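Some notes on the structure that comes next.
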Amino acid sequence: MRTPPRSLMAAVAVPLALAAAAAVLKAGHWRLHADRHRITLSPYPRRSCPHCRGAGGWWTGGPFPEMEACGCWSERRELRIRLLPVPAWPDEEPF
């Protein structure tokens, strides 16, 4: 049985498109998360950052130390695409 050329081209094009998308996300330092309600692209720290060296920030001194986030990822926006609405939480118990 002979495979039609269109289905063969689609079978080759889909993995190539996914590999290209993964390479672009990795080069741009983005993390992809997808579920049935949303697709989320969130930034993560660059390993080549001269300030945090990929750790994402540093600890400030004092009696109550806090982590200060580095600008290589914290100043970038998180992108969300909504797919399905999240169901409303019920006000009362079902039984």
Rounded to the nearest 0.05, what FRET efficiency do Ser7 and Arg36 have when you use their Cβ-Cβ distance and R0 = 41 Å? 0.90
One would report the antiparallel percent of DSSP beta bridges in the chain, rounded to the nearest 5, as 100
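Could you work out what % of the accessible surface of the chain is carbon and sulfur, using a 1.4 angstrom probe and leaving DNA, RNA and ligands out of the count? Display every interim value, and only then the final one.
Working: 5360 of 8580 Å².
With neighbouring chains kept in place, the figure for the chain is 62 percent.
Taking a probe of 1.4 Å, how large is the accessible area per residue of the stretch 13-70, in Å²? Write down the numbers at each step before the final one.
Values: 4380 Å² over 58 residues.
On a per-residue basis, 76 Å².
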Going by alpha carbons, how many degrees (0 to 90, nearest 10) lie between the helix axis of 5-27 and the longest principal axis of the chain? 10
HN-Hα J in Hz across the stretch 72-83 - Karplus 6.51, -1.76, 1.60, θ = phi - 60°, x for Gly and Pro: 5, 9, 6, 8, 9, 6, 8, 9, 10, 10, 7, 10
Please identify, among Arg36, Arg53, Arg76, the residue showing maximal mean-square fluctuation in a Gaussian network model of the chain using a 10 angstrom Cα cutoff. Arg36
Using a Gaussian network model on the chain with a 10 Å cutoff between Cα atoms, which of Ala11, Ala55, Ala23 fluctuates the most? Ala11
Could you give the alpha-carbon Rg of the stretch 1-69 over 2.2 N^0.38 Å, rounded to two decimals? 1.87
In debye, nearest 20: dipole of the chain around its Cα centre with unit charges on the Cβ of K, R (+) and D, E (-)? 860
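The values are calculated or read from the model by the stated rules, or taken from the named source; none is laboratory data. Being a predicted model, the structure only gives us computed values, none of them experimental. Ideal geometry is used to build each Cβ from the backbone, glycine not excepted, and the neighbour counts take in all protein chains shown. Note: accessible area is taken over every heavy atom of the protein model, side chains too, but ligands, DNA and RNA are not part of it. Shrake-Rupley method; radii C 1.70, N 1.55, O 1.52, S 1.80 Å.
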